[in-house]
Structures are given as C-alpha cells and as structure tokens.
Amino acid sequence: MRRAIVLVIDGWSAGYLSPYGTAWLETPALNQLAAESILIEHATVETLNLDRLYRSWFRAAHPLAPDDGFDLAAALASIGAACHLLTDEALLRDAAGSFELASAEFLPCEEPKSAEHEDDTELARIFAILCDWLGSEQGDELVWAHARGMAGAWDAPLDYRRSLAEEEDPDPPTYVTPPALRPTGKIEPDELLGLSQAYGGQVLLIDTLMEELLAAIHALPTERQPLVVVTSSGGIPLGLHKQIGRDAELPLAIYSNLTQVPLLIRLPGAAEGLTRLQGLTASSDLSATLLDWFGAAKPTRSEDPTRSLLQLDEPGRDRTLCVQGDELYLRTAAWGARVYGDHQCQLFGKPDDRWDVNDVADRCPQVTPLAIDLAQQTRDAIQTGAALPELPEELTEGL
C-alpha cells in the first residue's frame, strides 16, 4: 500500500524554520521532522500566484510551460491511487475543478479571532483531518492538504507570541488579520518586532500541531506510514525590502524571502532521515517526486527539467526561475537575480546573501547583463517548450 500526504502551508518562508538556520524559534517537533526527513536546502516556488502554482503542480510543469493536458490526479488514478484535495482556501476552487481529483473538500473560514486553544485554530482543523486519515485503510491514496496558514488568520493563542517577547519588549500586537502595506519611510523597530512575534507565534502553532501529527505517524507500523511532504506555496514579507504582507491590491516585488520555501520529505520509518540536499530544486519537482513514489508514469516531454527528489544521486538543477507578473527571479548556485522593468536587475551573491540584502549589481557589471539575458531566455524557452539556454560560466562562479 502506497500513501502520501502533501501539506502546503501558505505564507511560510524557509527563514522561519530552525533547520534552515533560525535560532530564535524553538520548534522541537519541526526539528524532529527535519531529522527524520530529506531536507531540501534550496527549494524555490516558480510563481507566487496560487492558482497558477497549483495548475503547475498538477500539470507537473513550470507555470509558463505549454499545456499538454497532463493531469497528476488522472495519472495517479490510472494506477489505482486516489488523489484528494483538502483546503480552507477558496481561491483553489477553479484550479481544483480542472483536474480529475477523487474529491475536494473546502473548509469554511469564519470571522478571524484569536483562539483560546490551539485546537480551535484554522490550521488545527486540517491537522485533525490528517490525523484521522492516518488511521484509515483506504488503499493507495494521496491527500493534498493546503492551509491558508500565514496568508489566513493569525489566530494562534496570544500566549504563543507573548512567549517570544523579552521582559523589556512592548506587548506583542493582538491583530489576527495579517497586516499588508508598503511603507514609504522607515519602519519602526517596534513594529518589525511585533510582526516577527505575531508571525513567530503561528510557527509555534505549526510546531504544536506537528507534534500530534508525528505521534500519529509513529504509532503506525512502518509499512502503513505514508510519505509525508511539508512545504509552502511562498513566503510573506515582514518588512524586508519595504514590504509587509501580501495583498492582491498591493505591488509585490519578488525576493528570496518569498520564493525560497521549506521542503521536507519524510519516508516511512524515517528512511533517509538526516539527508540534506544542497542542489537547486523547483516546485514542479514535487510532482515528479509524487509520480515516482506511486510508480506512475511521468509526462513524456522532449524537454522536461523536473526530477524526483527521491532519487538522491541525481544532481540538482542548474537554475530555477520564479515568475510573478512581469518580474523574474533567477537563481543559480552562485547568484540570485531579480529582473524587472526595462532590463533592470538587482543581483545578490549566493548562498551567503540568503535573503537578498546586499545588491551588488553595480559592482558586477560583467555578471548583471548575463543574468538579465539568462532570465529572459530561460523564460522564453520554458514558454515554447524548448531546451534551456546554456548557463554562462560567469553565473556559476560567485563573488
């Protein structure tokens, strides 16, 4: 019997997870999950548009790739594996209706308010259903659970965010609806502190709920444990680059704090635990991984860069490309490049400048135009289904 859970928590950046380097959040359950999993160090979502991302996931291709009719859910159904969608995000209704899902359950969302107990939060509803599913025996199945997460109500009990405040700190904010604005002036330190405490409280909530989910998995014999994938559909800005929150009415510049997401893959019995993959990975690789896990055929394409992350000996990608409106974010092993407007570019040295703080485009005149050209040529190649252009040697070498 082959089963799998994919848990996507929207708005969760890799920067707020201890195994990715965060020192100020104590998350023992998430740390345990990471220790039992294959941890993908550099996972990039290929768009922050939720509808396009899900169509990409279920088409097993980059969002810009030509539509060839492939359907992940149909491919799984053809080998007897049912694919179910569970979500509290109404924006996924159109995408869900485009694929041959065995079922789609949409959980209603009420007026947001701080919960008295973690079991009363939006996230807890999804975790509870997953725990119940673990005890069932329905044959080969994939449960794809998408939580609004950080893009929904910040409704963890207020004690969670209070636990992150020092004695001399001001009281953490009590808002439940995440703020969204584009400050023109300096952001006050107390405002940034409150944002991180409120957001961090939601991460602590995830950790509490993950403890229960892991306990339910550990209670099963290894042969009944599912493949578990935990990831995100993109981060939320918390003041970096003069951006707070995501809102459809506000402009959004894409940087690595939004595009780089956690990606943890736990095999039954924690096989391959403590494995850390350093190569570049794109969101569409998740689809190839699921097809591999269930033994379903991948789409037949002349040019297909997707790869199963269960094949640990395969090298990572040489680049990833996130597309958001007219903006492109190109990532190679040595560089991150935000390409926007009329041949404008911000350039960041990788992997040291993890969150794109130090723009070195003016200091690297030999690299910047190559990054612009490669981002645009890669976009064009993906759109036409052609082979990707060769990576210039200058974009493989760091500062």
Residues that are more than 26 Å from T300 (Cβ to Cβ) and modelled with pLDDT under 95: list the helices (runs of 4 or more DSSP H) wholly contained in region 1-119 that include at least 1 such residues. 93-96
Meets criteria (under 30 Å from E393 (Cβ atoms), surrounded by fewer than 20 Cβ atoms within 10 Å (Cβ to Cβ) and assigned by TED's automatic domain parsing to the domain that holds L192) for R307: no
Would you confirm whether any residue within region 34-44 is over 30 Å from P351 (Cα atoms), within 20 Å of the chain's Cα centre (by Cα) and polar (S, T, N, Q)? no
For region 97-117, the count of residues that are buried (at least 19 other Cβ atoms within 10 Å of the Cβ) and within 22 Å of L204 (Cα to Cα) equals 2
Of the numbered conditions (1) in contact (Cβ under 8 Å) with a residue 60 or more places away in the chain; (2) surrounded by 13 or more Cβ atoms within 10 Å (Cβ to Cβ), T384 fails exactly one; give the number of that condition. (2)
A361 vs (1) under 21 Å from V261 (Cβ atoms); (2) touching a Cys at 6+ places or on another chain (Cβ under 9 Å): all pass except (1)
Within region 120-141, can you find the residues that are modelled with pLDDT of 95 or more, touching a Leu at 6+ places or on another chain (Cβ under 7 Å) and among the hydrophobic types (A, V, I, L, M, F, W, C)? L123, A124, I126, F127, I129, L130, C131
Exactly one of these conditions fails for R246: (1) among the basic types (K, R); (2) assigned to a loop (DSSP other than H, G, I, E, B); (3) outside the structural domain of A29 (by TED's automatic domain parsing). Give me its number. (3)
Reported set for region 244-258 where residues are closer than 17 Å to D10 by Cα and touching a strand residue (DSSP E or B) at 6+ places or on another chain (Cβ under 9 Å) is I244, G245, R246, D247, L252, I254, Y255, S256, N257, L258
Selection count, region 218-242, where residues are surrounded by fewer than 22 Cβ atoms within 10 Å (Cβ to Cβ), out of contact with any Asp or Glu (no Cβ under 9 Å at 6 or more places or on another chain) and of a type in the set (A, V, I, L, M, F, W, C): 3
Of the residues in region 278-299, those that are surrounded by fewer than 21 Cβ atoms within 10 Å (Cβ to Cβ), out of contact with any helix residue (DSSP H, G or I) (no Cβ under 7 Å at 6 or more places or on another chain) and small (G, A, S) come to G279, G295
Given the condition assigned to a helix (DSSP H, G or I), touching a residue at least 12 places away in the same chain (Cβ under 8 Å) and farther than 20 Å from V45 by Cα, answer yes or no: does some residue in region 227-241 qualify? no
Per the filter on region 331-346, residues closer than 21 Å to P251 by Cα and surrounded by fewer than 24 Cβ atoms within 10 Å (Cβ to Cβ) are Y340, G341, D342, H343, Q344, C345, Q346
Restricting attention to region 68-96, and to residues there that are among the small types (G, A, S) and buried (at least 16 other Cβ atoms within 10 Å of the Cβ), which single residue is nearest to I129 (Cα to Cα)? A82
What residue, among those in region 167-190 that are within 21 Å of H241 (Cβ to Cβ) and of a type in the set (A, V, I, L, M), is surrounded by the fewest Cβ atoms within 10 Å (Cβ to Cβ)? L181
If a residue must be within 14 Å of V8 (Cβ to Cβ) and of a type in the set (V, I, T), how many such residues does region 48-95 contain? 1
Of S98, S163, the only residue that is in contact (Cβ under 8 Å) with a residue 24 or more places away in the chain, among the polar types (S, T, N, Q) and within 24 Å of L290 (Cα to Cα) is S98
Of all residues in region 148-166 being touching a Lys or Arg at 6+ places or on another chain (Cβ under 9 Å) and outside any helix (DSSP H, G or I), which is surrounded by the most Cβ atoms within 10 Å (Cβ to Cβ)? W154
Please go through region 116-148 and give me each residue that is within 25 Å of the chain's Cα centre (by Cα), under 14 Å from T208 (Cα atoms) and in contact (Cβ under 8 Å) with a residue 40 or more places away in the chain, ordered by number. E118, T121, L123, A124, I126, F127, C131
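The values are calculated or read from the model by the stated rules, or taken from the named source; none is laboratory data. Values in this document were obtained by computation on a predicted structure and should not be read as measured data. All Cβ positions, even for glycine, are placed from backbone atoms using ideal geometry, and neighbour counts span all protein chains on display.
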